[in-house]
Amino acid sequence: MNDILDLNSYIIGHVLFGDIVPYLTPFSLALVITIVVFTIFLALSKPELRSVTRFGEDVVRTTTVGKKEAKFRRFMTILCGVALIGVVTTGDIFNFTLFVSLVGITNVGIFAVVKDTHVLDAAFQYGLVMMICSLPLFGGVALILAKTGTLSLGVLAGIPGNPVLNVGRMLLLVGAVGEGALAPFFATKVEMIRAKGAPYINMMHLSSLMVFTRLIEILFIVG
Amino acid sequence: MALNDTVVPALVPQIFINFYPIAIVVAIVVAVIGFTGLVLEKNDFQKILIVQIPILAMYMIVSAVGTDLAEALILPGMVVSLAELLAVSEILISREITRREKEGEPLRVLNFEYEPINMEVLKTAIPVTCIVSVIYGVILTGFTGGAVAGAGILIYLFAGRTKGFSNEFWEEMAGISGVAWVFWLLGFLIYFIAPQYWLVALFMSGGGIIIKVALKLGLLGILGREEYNR
């Protein structure tokens, strides 16, 4: 647990549940509080009413989001928040991959009901990237498992780095970047954010940020 | 990419360890084929189908490890890829409907004519496959056996002619599935409360789960058929 302690000062609490050991450190506690507050804020807020002024016309158009659509999006947003809490607190790379995949699926789900062709197009491209990136994500985890025989972060922290482990870490980086739509693929998310219904789409920014933060931490701990 | 000898137990034969790099290389070749197809393909629907090839490579890399932890990894991997596939195809359908509504193009339902092929094997192979897989599933018992037997029932319901069984029959089967599940739970309870009766518990839970899983898959077939007929 040396690397975990070096990065996070001390462990506040952990749940001993066989191999699966979720743990909280001051760092991850701050992230969890941010996610919980943000999710509650988004769940309680009402969908935006966007006003569009057009040149050449003397009108201001207001677009509304239907009640059913807003309900579905709110549900997906809350699910995304739960998945993010899992990403931040889990002590197991295997669970990390599953939660990151869940974040990706819920992110697509937030946009699935939008009736806008270019938004759906961007969501489709993001979905394709997500499906392709499950290869490096699970492949990297399988390589780490094959080299060390464990997926628990607590055990992996004590194993010194070696070339095969580095390949696994690299694949994990590529996979998580694709699943969470980080830097090179963020363009698809930006295109999706042009959809109406402001409060819920803010979850996408938060999910990218949290997945990225946790990913860097895990890459430091492994190896 | 040789494995560290300290990780692999001594009882594993050397030939299995030598297979691992071969499996990884084959998976990389499969992934390269899939990616090439994705780059060359322009049709969105075909892209969804071709994406399954890299996912196949993912299964190969994970299953090459061959431990119980890898088995635990591959099942959620399949579920995740299935969920992503469903989400992406829903988005594709939604996009096409929105686009056609905007452009005023009517939605066409494919309605092609066909002539049923009269072949002996099409009528006889399906019940035989069903019976063989159900018997093999009963021999296997447990969750795996239930899945095998259920797959047999699923084939029969999807492709075969279900003359003998009405819908009420299958609804009663759903009730039996629930009772079998209770047996499974009771078996597990006996494990913890009275470990000396482990044999009874084993038979209760093993028999319960096979009936439960098999009938669940059969129920899936019923739902699919009713959806199709509607």
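A short reminder: the numbers here are calculations on the coordinates, not readings from a lab. Values in this document were obtained by computation on a predicted structure and should not be read as measured data. Reconstructed Cβ throughout: ideal geometry from the backbone, glycine too, with neighbour counts over all protein chains shown.
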To the nearest 10 degrees, the tilt of helix A:67-89 (Cα long axis) against the first principal axis of the alpha carbons of chain A is 20 degrees
Order of A:S208, A:S51 - criterion: other Cβ atoms within 10 Å of each residue's Cβ, fewest first:
A:S51, A:S208
Quick one: check the C-alpha center-to-center distance for region B:38-93 versus region B:128-160, whole angstrom.
25 Å
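How large is the direction-averaged shadow of the alpha-carbon convex hull of region A:98-148, in nm²?
That works out to 3.5 nm².
Sort B:I135, A:I93 so the one with the fewest other Cβ atoms within 10 Å of its own Cβ comes first. Working shown, then result.
On the way: B:I135 13, A:I93 23.
Least to most surrounded, the residues fall as B:I135, A:I93.
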Pairs over 19 Å Cα to Cα, from A:K46/A:K67; A:K71/B:K216; A:K68/B:K47; A:K46/A:K68; A:K68/A:K115; B:K123/B:K216, come to A:K71/B:K216; A:K68/B:K47; B:K123/B:K216
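Fewest Cβ neighbours within 10 Å first, please rank B:F143, B:F16 accordingly.
Details: B:F143 14, B:F16 10.
Arranged by neighbour count, lowest to highest, B:F143, B:F16 become B:F16, B:F143.
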Between helix A:163-179 and chain A, what is the angle of the helix's C-alpha long axis to the longest principal axis, kept within 0 to 90° and rounded to the nearest 10?
20 degrees
How high is the relative contact order of region B:1-89, in percent, counting Cα pairs under 8 Å that sit 6 or more residues apart?
26 percent
At 222 nm, what helix-only mean residue ellipticity would chain A give, in deg cm²/dmol to the nearest 500, using -39500 (n - 2.57) for each DSSP H run of four or more?
-23000 deg cm²/dmol
Compactness of region B:14-103 - radius of gyration and Dmax, Cα, Å:
16.9, 63
